[in-house]
Amino acid sequence: MSVSNRRFAAADPRFRERALEHRRRPWRRVLWTAAALAVVAALLWLTFWSPMLAVRSVQVSGVTGADRTAVAGLVGVAEGTPLARVDLEAVEQRVRTRRTIAEVSVERGWPSTLLVRTVARQPALVLKNPQGKLEVVDSTGVSYDTVTVPPAGIPVVTAASTKGTTQEALEAALSVVATLPPSLAGQVSAIEVSTANLVSFTLGGVDVVWGGADAAQRKLQILQALLPTKPAVIDVSAPDTPVTR
């Protein structure tokens, strides 16, 4: 550019503005970057360290009474702990140590609540062990409580062996409870489990030899077909060759 052209450009306000804008641009980038980093840092502090998003309450649902109190005590998260830093899996593991709890899930309830959702175990049968204690068992075969009086409507199963009941034998007893329809289950008494392949019970005035957990639906069909004949004993432990007497 000639000297005269340079003088003309310097005198042109638009040229001067463009030159200034060109010089300011790198500084603007620096300022925008610094502002963005400051916002990120503030959000991180707010989420992970600020008392504004810290645990102030624990909400337990799904259970009541002693179970609710026990679960709240097992959570083990101090008030004031940043909610984002709570180890949810660790809380779930601690709550699962309560045998009366079948399922648990823990979530963050922003801004300051820890949500603990539980499902209590439901009794499927009561097992009377050789020592005479009554153990409450759920449908998965987990013994989770002892009682002095069986819950209403829950069948009592007696362990015939002085050594107690194996898990397989318990599952066989559970198969009876799960298979019988309400119309028959209400008539059942004196369930006895000897081994995994020998469960028997009294149905009304009929002694039923059920056997093991196999072919449960087939056994039920045969039992229902034979009950009208009013036998004293029905043996469906081998469903292909049932026996009555």
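The values are calculated or read from the model by the stated rules, or taken from the named source; none is laboratory data. Note that the structure is predicted; figures quoted are calculated from it, not measured. Backbone-built Cβ (ideal geometry, glycine too); neighbour counts: all protein chains shown. Calculation scope for accessible area: heavy atoms of the full protein, side chains included, ligands and nucleic acids excluded. Shrake-Rupley method; radii C 1.70, N 1.55, O 1.52, S 1.80 Å.
Exactly one residue out of Thr244, Thr229 is more than 16 Å from Ala178 (Cβ to Cβ), of a type in the set (Val, Ile, Thr) and in contact with a helix residue (DSSP H, G or I) (Cβ under 7 Å, 6 or more places away or on another chain), and it is Thr244.
Figure legend. Inter-residue proximity from region 215-231: first residues assigned by the TED database to the domain that holds Leu184, second residues open to solvent by less than 40 Å² (accessible area, probe 1.4 Å) and assigned to a helix (DSSP H, G or I), beta-carbon distance below 7 Å, spacing 6+ or different chains. Indicated pairs: Ala216/Ser175; Ala216/Thr179; Gln217/Thr179; Leu220/Thr179. Residues that are surrounded by fewer than 13 Cβ atoms within 10 Å (Cβ to Cβ) and part of a helix (DSSP H, G or I) within region 74-89 comprise just one, Glu89.
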